[in-house]
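J.: Starting off with a structure, shown below.
The values are calculated or read from the model by the stated rules, or taken from the named source; none is laboratory data. Being a predicted model, the structure only gives us computed values, none of them experimental. Quick reminder, even Gly has a Cβ in these numbers, built from the backbone with ideal geometry, and neighbours come from all protein chains shown. The protein model used for the area step is the full one, side chains on, heavy atoms only, and it has no ligands, DNA or RNA in it. Shrake-Rupley method; radii C 1.70, N 1.55, O 1.52, S 1.80 Å.
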Amino acid sequence: MTNNDEHTPELAPAVRDAVRDYNTPPEMKPADLDAMWTAIEARSFRSDIGGRVTDRDSAVRDLTRRWFAPRTMLQIAATLVIGVAIGRYAIPAPNALPATSVSRRMMLDTLALPEPYYSTTTRYFGQAAALLVALPAEARAGRADSRLTGRAHDLLLTTRLLLDSPAADDARIRGLLEDLELVFAQVARLQSGAPQGNSELELIRQAMDQRDVLPRLRSAVVDISAGDE
Amino acid sequence: MKSLAVAFKAKQYVNREPELIARVVAGDRLAARELYDAQAPRVFRLAFRLTGDEDLAREMTQETFVRAFAQLDRFRGESALSTWLHRVTLSVVSNAMRKVNRFRARETDLDEALTISAPAREADPDLKDSLQRAIDELPEIYRTTLVMHDVEGYTHEEIANVLGVAEGTCKSRLSVARATLREKLSPFAKEWMT
């Protein structure tokens, strides 16, 4: 306490001590801080700079709400096993050419990226897929280590750069990048080893599955490669 | 050792604060979370001291940060970020408490109307309760100054910056607040003023 001026007479010591007990705040626990942050995050960051609302921000906010709606979690869990199995084992086979060819023909003019963006985007998609493929195993193991969150943070920065580049001119790529931005933002802020981090990791994984992020990512890689041919 | 670690972390944060602010303005949520982690406990403390209600204090802390992030691009760094944030907190609390007090006043009127026939029974006022009530009843400008200075330990300079008044004004308000408390607690003078 700083009562060092003679113009402000002190209170009696007993009163001064009692005054310090006025509305004594409860101790803030990390869970309390997290809960408040969730509300703040949902209301903020709807803008790129200075609080201006953009369509993209609204979409991201809506998406977050949809993704993490508790009632969808059971549905997701039911489809999860099938989704993961398809995602893991549906590696493009050589005899699957007809479908791929159609897909490639359709995408040729829309996903042909200028060279500087082509290589960056291709590399980014590869790294994103690697992290997302690892996510189910990390979630099963109850692990959200700093390596994972660090990689997610790096990818989050790249995602934002790509969102502001011509690579995001295509609506599908933009949609995918926005979904990836959300995933990486959530993964990046997980706390290493925290129990709530593990359950959040599981939620992220489920939400990712619901939005078909991984299949869309694979499809984008194929389409970009086709656009380069 | 723990306090050393805390102090080191705080110093690291202070050094990074300008960079974090720039990143938040650019839309970086991780930087925003870092700023929030560093500042939220003190914002919450101030909000709780002024409201005395945990739910309200949480709401006001959230509102403070929502407003702060929306206006952060206007922060020129002329004062410390914490000073600026506490100014936002006071504005949020002040607006909210006006509404809360109007609502509570209506509730009280209704309660009094319902219990008009029952004779009021004066319980022996507890000294601590009296002090609590005396502070609650201080006009806002005096209560805020008293809470920030005598309860939360802000300096006159800090309070003056947060409130946007001269230090002299701040001292004079504190003086009035303390004098009012003394007067209201005079019935307990023997017990308290020794």
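J.: Which loop GluC sites (Glu not before Pro) in segment B:136-180, with loop taken from DSSP, have no more than 12 other Cβ atoms within 10 angstrom of their Cβ?
T.: For GluC sites (Glu not before Pro) across segment B:136-180 that sit outside H, G, I, E and B with at most 12 neighbouring Cβ atoms in 10 Å, the list reads B:Glu137.
J.: Leaving ligands, DNA and RNA out of it, rank B:Trp84, A:Trp37 by accessible area with a 1.4 Å probe, largest first.
T.: Working: B:Trp84 35, A:Trp37 0 Å².
Descending order: B:Trp84, A:Trp37.
J.: Taking a probe of 1.4 Å and counting only protein heavy atoms, give the total accessible area buried between chains B and A in Å², rounded to the nearest 100. Display every interim value, and only then the final one.
T.: On the way: alone 12960 and 14270 Å², together 22630 Å².
About 4600 Å² of accessible surface is lost on pairing.
J.: In nm, to one decimal, how far is the modelled label at A:Asp212 from the one at A:Ala42, with both set 7 Å along Cα→Cβ?
T.: 2.8
J.: Within 10 Å of each Cβ in peptide B:23-30, how many partner chain Cβ atoms are there on average? Round it to a whole number, please.
T.: Mean number of neighbouring Cβ atoms from other chains: 5.
J.: Calculate, in nm to one decimal, what B:Asn95 and B:Ser172 gain on full extension: separation in residues at 0.36 nm each, minus their alpha carbon distance.
T.: Working: separation 77, 0.36 × 77 = 27.72 nm, distance 2.38 nm.
Separation in residues times 0.36 nm, less the Cα-Cα distance, equals 25.3 nm.
J.: Can you tally the net charge around B:Val165? Count Lys and Arg as +1, Asp and Glu as -1, for every other residue whose Cβ sits under 14 Å from the Cβ of B:Val165.
T.: Net charge around B:Val165: -1.
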